[in-house]
Structure formats: structure tokens, C-alpha cells
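These notes concern the structure reproduced below.
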There are 2 protein chains.
Amino acid sequence: MQGFQRTPRLEGGEADAKRAEILGYFLATFDRYEQLFETLSCEEAYFVKPISLRHPLIFYLGHTATFFVNKLVLAGLLHERINAEFESAFAVGVDEMSWDDLDDAHYQWPAVSEVMAYRNQVREVVGQLIQSAPLALPIGWDHPWWAILMGIEHERIHLETSSVLIRQHEIRFVQPHPAWQPCRKCGTAPQNHLVKIPAGKVLSGKERSSPVYGWDNEYGRHEASLPDFEASLYLVSNQEYSGFVEQGGYAADEYWEAEGLAWKAYSQAEHPTFWIRNNDGWHLRLMTEIVAMPWDWPVEVNYHEAGAFCNWMKAVTGKPVRLPTEDEWYRLYDFCNLEEIEPDKIAAANIHLDHYASSCPVNEFRQGELFDVTGNVWQWTGTPIYPYAGFEVHPLYDDFTTPTFDGRHNLIKGGSWISCGDEAEKSARYAFRRHFFQHAGFRYVAGEDAASQPVSNYETDRMLSEYAEFHYGDSYFGVANFPKALADIAISAMGSRTARRALDLGCATGRATFELARHFDHVTGIDFSARFIGMGAEMARQGMLRYTLTDEGSLVSYKSRSLKELDLDAVRDRVDFFQGDACNLKPLFNGYDLILAANLIDRLYSPAKFLSEVHERLNMGGILLISSPYTWLAEHTKREEWIGGFKKDAENFTTLDGLKELLAPHFKLMQAPLDVPFVIRETRRKFQHSISEVTLWERIA
Amino acid sequence: MQGFQRTPRLEGGEADAKRAEILGYFLATFDRYEQLFETLSCEEAYFVKPISLRHPLIFYLGHTATFFVNKLVLAGLLHERINAEFESAFAVGVDEMSWDDLDDAHYQWPAVSEVMAYRNQVREVVGQLIQSAPLALPIGWDHPWWAILMGIEHERIHLETSSVLIRQHEIRFVQPHPAWQPCRKCGTAPQNHLVKIPAGKVLSGKERSSPVYGWDNEYGRHEASLPDFEASLYLVSNQEYSGFVEQGGYAADEYWEAEGLAWKAYSQAEHPTFWIRNNDGWHLRLMTEIVAMPWDWPVEVNYHEAGAFCNWMKAVTGKPVRLPTEDEWYRLYDFCNLEEIEPDKIAAANIHLDHYASSCPVNEFRQGELFDVTGNVWQWTGTPIYPYAGFEVHPLYDDFTTPTFDGRHNLIKGGSWISCGDEAEKSARYAFRRHFFQHAGFRYVAGEDAASQPVSNYETDRMLSEYAEFHYGDSYFGVANFPKALADIAISAMGSRTARRALDLGCATGRATFELARHFDHVTGIDFSARFIGMGAEMARQGMLRYTLTDEGSLVSYKSRSLKELDLDAVRDRVDFFQGDACNLKPLFNGYDLILAANLIDRLYSPAKFLSEVHERLNMGGILLISSPYTWLAEHTKREEWIGGFKKDAENFTTLDGLKELLAPHFKLMQAPLDVPFVIRETRRKFQHSISEVTLWERIA
């Protein structure tokens, strides 16, 4: 076949053959990308922005070349820059993934010929590298050549996103091209209807050992059991969607979510963005031309429009119509017995440029019992992108996905007519802001409400992240995990005492709450900060926390920890978390066998009040564990509320003296105080290193 | 003899005999103290304050008993309080040493009979303890019995200070007492004149092995060489002083120092405080009576009045008259061949209550070639109290002296008629605020200006103290001293290079400056903070730094470090310190063989400016050592001035990347970066623990 070369398998075989295959893949991609720009009609077309929030196309012409240089330098395969000035200008545009606002600096772009000359230099250098750099197979995630594959797959992404920009350019700036011919078939759309999909399990996530390139977000493991549901036979066609448009769907706010309403108010949209109405009726803007509306092609809309259509349809039909989840898309894939496209056969889908440089009728590609599960246009899902268990960022591109784990980027699945390489794989996971346009449409489903998606954002608040690391993260300076150490001391002190209920007061992000639940039937974590307990509660609910760690300046790294890794998965159901004030606790928090007060007393506004009342919460014979570095600060505890750490009656009166005095009426000190160190990481090079004093008190009165 | 028992020798001999001696010393002191209060004429006399800034005498009656209890508890000799309520009320009055303002709370004092009953309980307990507590001789500074001696000597101090308060009480509140009879001798004063004192050395400071009790400030070692000077034969008598009074000395502001003027304006003093002028002319207030002015007794004044007299006399005589220094007092002591008073002989001085309950004529006690070098009244010196080298606080009484090391408390020497026990020793060093009254007068000297006294205060500013400890103090968590480690790395990198001049830029309190001077002919320390370099300069000048360390809350410990201890005494003359801005350094700082920039770059407002110009200061082939934990904070360095620690052209750009870029034109990186940890102590239990990255750069262009 003469199809566009597939993403290579990176395992086994002969190194020289692999070199040749990768060189071919590189050159095919580099060439095809340049060929895309031949659809621009003039030099000016490179420099006028197709849409206001993006760079002009000249940037994207240079960008994919610069990306190679940057990643090859990072990977240590390249030791010198090719053109430092270009490589600064072409490095950062608008991140198509995150849709940050564009910095409107006045760019002085080089001429097209200069950029093409630069591309030729890069082509030469990368080509030489592929032919000469040491190569041991297989090429995996940690392999230096991963950077080469990353550069090629990155260019394939831009092949698609640049084609969208070209489609958004003024028509005068584009021209038809023999290599970019759209489908010419069109007609009346077939009647769509719902097909029953039986209940089933789906398993997604790529294994690290997979023999093809993948982006960070594809790896890990995710399983789900789905009840039965129904899915539309076809993607929604322009014709089917026109019912919504004609019946005033864009004006009917009740069909739109709040975020969609905001977008609609801003954009003043009254129909899909590529639809054009003129005297002859509806037309459709393709990449290089405007054609009479192909009613049987899939409609291309953003998430908000797709969702509003579903709501309208739900209202009209009375059926629970909505967008599918990512899991449901995988269920359709399995239900239709689909497989990856093959390297040497034309795909049985409008994908990978195997057929057209445009969409085609929704009934052209039957795939099992449905049409277009893959290909034609991407399909919006109701699922904001989230990391699978086991997710890790790739060190060569640590902000490829992480900024999109924010609940505001929804996954699109299935690929479009121009999705190539990794994009065409089953495992591909791309996500965009919900108001954004790609070659993307949708299929609707009907079924019970989808399970709510896990919270997937990385905590970026500095203090919360520091505490997440303090409780669930790594050890530093050889100092053992502090909340666990305290829980172990408490459990050991409990001996054979009754251990029904424990209270972790000032639990912060909750590690000790979980650790105590190894021994107690139930443990309650309480903290004054709702944001702290939010993290504990999230850990209990999802079994996982994600957070960023400050490395240096504004550089961060991404981290996640699971209860499973900490061997705490089994106790998830034995903890709960509440917001509360240790100095004014609700009466219901009562009858505990153990109260842990870790690094609490020197943060209370009235530690004496707490200490003189805490026995009321504790069963007779129960244990109170207090730990503190006795860091009294007026910002937390007014000077007159300190319980020690000052001269009293002319002599030193320590906090331990104060504890003894305040607790004497109801407690006896069980053993000599212990020193337990703890370390809180602030940056890669800066830590708080403290030594807490731990005292154990038995309630005797 | 029947004199008042001397302070015991604490060495050798038989334990039971020593018990008996100490018991006798305790009882004699306890009795004599109570007997002093018999000079009060009525119950009311105990409860009306003699002077507004002090507690009434009832407090002092209880206080010396409570002090025993507090110190014996601290020492572990006593395990229970005798009367917790009294021991709180009588613990803190006004510290006679520090003259803090009195907290005017409304005290509810117990009745005299209650306090006496309490004293009897304490007498019983302490007496029993002395008879039964284990006793191994000798009793030294660390011996538990030190607390017993401390209690007795403390009461002897209060015997004197309470006698002053009684002397300041309204005359209706006092009554003569057979055990407190003043001297009845008086007459015309002898003509005073200056006696030549030949040049000589003095050695002061008590050894730790000394066999008698001493307060913390007496220990250590101090040597001085004095040029010849003159000293007055007699203490200044009332008669001699009257010349100053009669000639308008109190109105003549030119004789008074600024602080003295302020006191004079506040007090409206026109003559010495115990002088009373009535219709019969001048009289003198004694402890229990008012007598016709004994003109030949020593005048009693505060430091300001004594100093003003000297200035007046200087003006009148043209001679360089002034107050003696502490060293000069010791020179007089040696010059007159004096020795400690003996245990079983009446003293040859009006001291230790051996003669009178008042002063006596200035010509009654000849001591070698002078009169009254010891005894009669204390003698003001021009020396603010300071610690001798080797000073340590006693753990049972850590704020006895330290608060007076503030340059505002001047030493009085020689003792008065009521100075007993330790107070009567040659080594005794008491110091009071300069406006304060004791049984104190003065002797004047004439000679060249006294050498300025060492700065003696303990640095209490938290950040300066933390840095003093960071640079000169202890190691924590096994982390080696950081400035020394950097200096060692720099010196090792220098190899056999020329090592004439080094620059320690951002030197803070200067440890690395000293350490580099082991290898370089001269080292300049520069810091933006004048207070930081002040500490380095003080260390260079005095060879010693003193500072407080926060232990817990407001509790502190006192610390000192000397260059000698750090084996740096030999390089004191090879360093100097300047205030300066690393980003805008004066041209004269130039021509260095090494520049050390320790933890500097992330505290500059423009690190790029510094880094692009620093080569100008360095000789070709010289070395630049940069260390930093790269803790970029907007409060020090605006975000746009950071040289790394951010994404640049889409990739992580570390501070090391920034250093390489900025230094490339003039430097080559000599070796791979090193990690060097450092620890800054905040409290006994809280530390900053960081890891600095160290890079070495050789100037090549």
C-alpha cells in the first residue's frame, strides 16, 4: 500500500532495519507536514493569525523542528543548538493542550524561506542522528531514542492541529492541493438510532512494555464495569444536528451548561463553527474550500454544542441521552471487535489520511455493529482527562499532560481523518478545553448517569503539597515518616487495651488517621483546615493523591501516592474526616480509646482550654498522645496563652512543665518523653527539620 | 572573734564538719536578715514601698526564703514546694540587677506573721537538708550543694540591698536597733590628694577550682597592662563633694553626661540623695536615723553624680580626673598589697559588719598607701560590667548577670560596711544602672583616658543570633560547619595558585572570611547588612562573640564563641569587614585571587548584574566559588530577575543553566557541582536544613 507510514514497533529485530524504518517515519512525517503548508495561498497567509488566540502558522512551521532540537538536547543526543534565536522564538506558542492565553508580545517572525532553510538543517541533523546514534533495541520510555519518536509523534499532532488552523484561516489564504483532496461523496444522512450495548468490563491503559510510542497519559491501568446502555449507530450528522439548530437550540439556554452559556455569550454562536449560510443555503468550510453542505457527514462542534444537542434530544425523546464517557467509548470499541489499524493495509476507517483530507459520510465505514467508532471525526466524551493509576510524567516533557488534569479538559476519542501515528491508536487520549474546535463531533448514548469522574488535578497549593509529601511522600535525611512513627508509638502503647475508636486531632492531610486504622476499628481525623482534611478525604475516596512539588524557583515535579503503595488500601473504609476546632469540639466526638494530638498544641489559640477538657473525649484508661516541637508563635497562640516556654516565678517553665500541670488532674504520664524527628520538604534543596517531643498520657480520673 | 561568719571554704576536710560550718553560715545569715527587719518601726512599714520602683519590704522578707526553695527544687535537693502560693508571690520582684520596671499589679501581700511562719518552715527544711543530704567534698559549681550556698549568698546580697531600701524608707517607719548601730565618729575631712600609682599588670577573674562560692560573672580570666596613673588617697568625703555642690555643680549641665542630665531632669536632684538640709544646716540620713553631716565620711552618690564631680574637678584642676576603671581598682588593690579578709580576724576595713552599721571617716582605715580600697562604701567605676573570657552562666540562675551585659550597668568595687560573704571578696563584681543608689561613693583617679571597654552584650536579635550560631556555633544532625566547609573547598581548589587576597562576598557574620585567612594573606568580608558585618568585625576586634539562642518560646540560653576555640586567633589581623552591595560594589574592591559568594545569588536584587560583572574583580586565573540552595523568593529577587528556576523556551531552565550562560564569557566551570548541606538552628527543636550547590569557576577571559 501507499498509505502514510504507521508508528513503528520499537521492539526486537535488527537495529539497522529499525534505523531505516524510523528514518522513513521521520522523513514521511517531516515531508507531509511541510506539504500541508502548501495549501497556504501566499506568504501573507503564514503571518496573519487564523484565530486571535494562536500564533500565526509561521510559528507552527518552525515549531515542530525546534521541538526536535530541544528534546534531543535534553536527551543528550544533540550537544549543540542549531539556531538559538529560532529555537527561542519557536519554542513556546500556545499550548494546544492547555489553551493558556497568548502573550501578545510583538513577534518578529523570520521569512518563510528562512524557516524552511532552518527546517532543512534540522532534517539533516535528525536524519544523521537516526543513521549514526548508537541504537540498542528495544526502544523504551527511558531510551535516548524516545526523544526521536517523541519529536516525530509531536509533529504528527501538529499535522492535525495545523490543519484545523488552516481550516479556520480566511478562505483567501488557502488553496486546493492534489495531496489534500476532500471526500466528494455526500447525500442525505441515514436515519440514526440507538443500538443496545450489553453490560461489560473495560480495561484501558497502556503497559510500559508496549512496543509502540505513547504519551505519558496513556500509561497505567484503568478498569471499569459498565451496565448496559445504548449508543447511536452513527455519529451525529450535519443533518441530524440541523434539527437542533433549526428548532432554536442555540437560543434555548436551558440545554446549555453554565460554562457553555458563557462561551455562547462570548462567541455569539448560532450554528456550528464551520457551517456557512449564504443565499444558496448551508455550506461547509473544509480545509481548502467551501462546499455545499454534505448533510450525511458528521457534524463538527465543540463539547458545549454536543452536550446541548444531547440535552435537547433528551427533552424531545424522553430518553436519558448524553455524551459517552471514555469508558463507554472503550466498551463500544470492544463491542465492535475493533483492532489497531495494520501497518500494510488501508484502514477500515476514515483515519490516518488513508482515504480523504476531510470527513466522509457517517455510513461509509461500518465497524461491527456500529459506524465510525474510530476515524472520520474525533468524538467528544463527557470525561475530563485524568491520570490512570500508575501515571508518571515523562522527564523529557513533564508538562505535556499535567496542566490538563484540572477538570476543564475533556477527552476526545477515536481519531479523525488526519489522525496519524500514535493519534490513531486505541490508547490515544487527547483532551481539549470544552469550547475548543478540532475535527471533532460526537456520538450520543442513552443510559443511567455516568459515574462521576475521579478528581484528577494536581494539588498546587504550596502548603497542601508540602503536607501531602510530609504525610505520604518520601523520606529525607533518613528520617522515617512522622505520622506513621507516631501511630506506631500509639499502637504499641495501647498494648492489649480496647481499641475500638481513635481520634486523630489536628490530622492535617490524614496519614496518621489511616495508620491508626490498622489497629482501631474506626478512626476519625479532624483538622481546623477544611483544605487539609479535603486531601485526607480524597485519599480515602480515591485511594490516591496527586500533587506538585516545588523543585527550584517555579519549577515543579509531579507526584502521586496511593494507599496501595503504602499498604493502607485495606483500611480505607475505617476512617472518616471532619473539619473541627480542637478548642471547641462538638460533643459527638466522644468515647475514644486513643486521642492523637500531633504537632497541634502550639498551633491552637487556647491550648490550655484544649488540655483541660480533652479527658472528656477519652474513655477511662484510654491514651492521649501529644507530640510537639513546642514552636510557640504569637501568630498562632497569643503570648498569654502559651502553656510554657517562658520564665515563671523566676524559673524556666517549659511546655512539658505546662503539660504536666494542666494534665495532672486526669492523666498520668506513662513513660519518659521521646524525641521523634520530622522533615518537611520545601524545595529540592530546602527542608524544615524538627524534633518533636512525644508524651503519652493515660486517663486515670 | 564574734564577727559575722565568713563565706565557707568548700574544699577538703571532713564532711560533717563542713555540714556544721554551712549550717552555721546559713543560720547566721537567715537570722541576721530577719534582724535587719527589726529596724522597721511598725507593720505598715513592711507594706509601704520605700521607693516607687520597688516592692515593699514584705516582699524581700519572703523572697530570700522562696529563693532557697526554688533553687533547691531546681537542683533536685528538694522534691516538693513548701507553699506554692507564697513561692509564686515572692519569686519575682524587681531584679535589682536589671532594674526592669515594676509591674504595678495589685499585690495582696500576706501578713508579716504569715511570712515569718513561712520563713520558719523554710529554715527547718533547709537546716534538715544541710544536716542530711549526701555530701561529697569539695563542693564545686556543678555540685548539688552549690544551690545551698547560692541561697545563702543571695540572702547576703539582699541583706545589703534591703538595708538600702530601709535607708530610703520614711524615717517614721524605722527605729534604732542595738545590733545596727552606726559609727559615731565624725569630724573635718582630711585634705585629699592624688597618689602616684606605677604602671603594672593586673590579672582578674576567679578560677573554677576556687574553694569559695562565686557568682557567674566572677569566673574567667582577664589580664591588662596599665600605664602609671594617680589615685586619690581617700574616698571622696562629704566635705570634698560639698565643694561641687556649693559651687553649683548640680546646675552646671556641662559636667554631666547625657544620661546623667536625663536622670537629673527627672529626679530634680540638687545634692546627694541622703543629704538633708534643714534649719541647722546639712544632715545625713543613715539607715535608722538622721545625723548632723559627718563631713569626713565618704559621700554616697550614683555614677552620674560621681562622674560629674570628676568632670568638675578636671575643669578646676586641669588634671585628667575621672572615675577609675575596674582594672585600675585591681591595680590599687595590688599596689596596696591587700589580701582577702580572714575568717577569724576582724577586718582591717569597714566591711562585713565587722565595725559599724554605717560608713565611717575616710581616714579611719589605712590600707597600705591608700585608705578604703575595700570597705566603707562601694566605689563606682567607669567600667560597664562585661563577661571575662571563659564566662558561663550557672544553670541554676541563668539570668543573674546576663541581662546586665548591656553597657548600661556599671561595676562597683570594694564593698561597703554591710557587704558580707562573697560580696566582701576581691573577686566580687556587682553592677547597677548608673542612676541607682547603693551604699556607694567613689575614689577619683587622674591618668590618660581608659581603654574603651569591650562590647559585652549578648546579641538577642533572632536572625543575628541564628547566624552567629550558624557560623561559629555547634553542629546539628552531624552536618559540618558550612562556611568552613566552603572555605576548605575553595582553598583546596586554589592548589598552588597565588593566594594573596580573597573576597568573601555576602559574608554575613564572617566565619568564612576568617577561615579563608588561614590560606590568604588578606581576606575582605562584605555584606549588605551592616549588622551582620558588625558581628564579624566584633569577632575580629575582641576575638569573641556572645549571643542568646532561643530554646523554646521565650526561653533562651546564653552562648559565646571565641576565635581561640576555633583555632582562628592567629588570623584576626588578616581580615577586614565592609558594608557593601554585591550588585554595586565600589571599584576599590578589586584584584582578588578568590571570590567566595556563599548563599548570595538568590538574595540579590539583580543576580545577573552581579554575575556579568564579577570577573572584573578577579585576577585572571582566579577562582569564583558560588554556593546556593537556589531558594528564589520574590521578596528578595523579583521574578523577572531570577536567573533560573523556571521554564524557558518550554524547557526546564535551572539556576545552574543560568549560571553557565551568564558566566560563560569569562569563566570555565572547573569541576562537577558539589552538594554541601547546611543547618540553621531556629529553636532547640526546629532547624532549617538545606543543601547548597557549590560550583567553582576559573576566570579565563
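The table for this structure:
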item	result
For chain B, Cys with no neighbouring Cys Cβ under 4.7 Å	B:Cys42, B:Cys186, B:Cys310, B:Cys336, B:Cys420, B:Cys507, B:Cys583
Under 15 Å, Cβ to Cβ, from B:Arg331 - net charge with Lys/Arg +1 and Asp/Glu -1	-3
B:Ile51-B:Arg518 pseudo-label distance in nm [points 7 Å out on the Cα-to-Cβ vector]	5.2
Reciprocal of mean inverse Cα separation for chain B (Kirkwood radius, Å)	28.7
Over 22 Å between alpha carbons, listed pairs A:Lys206/A:Lys484; B:Lys201/B:Lys314; A:Lys206/A:Lys559; A:Lys413/A:Lys564; B:Lys484/B:Lys564	A:Lys206/A:Lys484; B:Lys201/B:Lys314; A:Lys413/A:Lys564
Using θ = phi - 60° and Karplus 6.51 cos²θ - 1.76 cosθ + 1.60, couplings along the range A:331-336 (whole Hz; Gly, Pro as x)	5, 5, 4, 5, 4, 8
Cα Rg, Dmax, the range A:419-489, angstrom units	21.2, 59
Count, lysine Cα pairs under 21 Å in the range A:635-701, 8 or more residues apart or across chains	6
20 °C / 1.002 mPa s Stokes-Einstein diffusion coefficient of the range B:508-635, Kirkwood radius on C-alpha pairs, µm²/s	134
Radius ratio Rg over Rh of the range B:289-414, counting only Cα atoms, Kirkwood formula for Rh	1.00
Label geometry 7 Å along the beta-carbon vector: B:Gln108 inter-copy distances in nm	8.5
Quotient of Cα Rg and 2.2 N^0.38 Å for the range B:531-574, N being how many residues it contains	1.35
Cβ neighbours within 10 Å from other chains - mean over A:79-88	1
Cα→Cβ-extended label distance, 7 Å offset, between A:Arg572 and A:Leu588, nm	2.4
Interchain or long-range residues, amide H under 5 Å from A:Ile197's placed H	A:Phe229, A:Glu230, A:Ala231
Euclidean distance of C-alpha centroids, the range A:585-615 and the range B:47-63, integer Å	42
Exam field: B:Glu38 pseudo-label spacings to other copies (7 Å along Cα-Cβ), nanometres	12.5
Cβ neighbours within 10 Å from other chains - mean over B:544-554	4
Other-chain or far-sequence residues with amide H under 5 Å of A:Gly375's (modelled H)	A:Gly415
Interatomic Cα distance distribution for the range A:224-278, bins of 5 angstrom, percent	4, 15, 20, 19, 17, 12, 8, 4, 1, 0
Residue-wise HN-Hα coupling along the range A:598-605, computed from phi with Karplus coefficients 6.51, -1.76, 1.60 (Hz; x: Gly, Pro)	8, 6, 10, 4, 8, 10, 8, 6
Percent breakdown of C-alpha pair distances by 20 Å bin, ordered from the shortest bin, for the protein assembly as shown	8, 25, 27, 19, 12, 8, 1
Longest DSSP-loop-exposure-free segment, GluC sites (Glu not before Pro), chain A, at most 11 other Cβ within 10 Å	A:449-634
Projected label distance in nm at A:Cys42 and A:Ile171, using a 7 Å step from Cα toward the beta-carbon	1.7
Residue order, fewest to most surrounding Cβ atoms within 10 angstrom, among B:Val126, B:Val321	B:Val321, B:Val126
FRET efficiency, A:Glu11 to B:His79 (Cβ-Cβ, R0 56 Å, nearest 0.05)	0.10
Rounded FRET efficiency, nearest 0.05, which uses the C-beta distance separating B:Ser557 from B:Arg500 and R0 of 45 Å	0.65
Taking B:Arg518, B:Arg685 and counting other C-beta atoms within 10 Å, the order from fewest to most	B:Arg518, B:Arg685
Spatial separation of Cα centroids for the range A:623-652 and the range A:316-389, in angstrom	65
Inter-copy label distances at A:Ser606 (7 Å, Cα→Cβ; nm, one decimal)	5.4
Amide H within-cut-off set for B:Tyr592, under 5 Å, with H built and near neighbours excluded	B:Leu618, B:Asn619
Degrees between helix B:482-494 axis and first principal axis of chain B (Cα, 0 to 90, nearest 10)	40
Three-way shape label, the range A:127-272, alpha-carbon gyration tensor, a/c 1.5	oblate
Nearest beta-carbon to the B/A symmetry axis - residue in chain B, distance in Å	B:His689, 2
Rounded to whole Hz, the Karplus (6.51, -1.76, 1.60) HN-Hα couplings of the range A:389-395, x for glycine and proline	4, x, 4, 9, 7, 7, x
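Throughout, read-outs are computed from the coordinates displayed, never taken from laboratory work. Predicted model only: the values in this text are computed from it and were never measured. With ideal geometry, Cβ positions are generated from the backbone for all residues, glycine too; neighbour counts draw on all protein chains shown.
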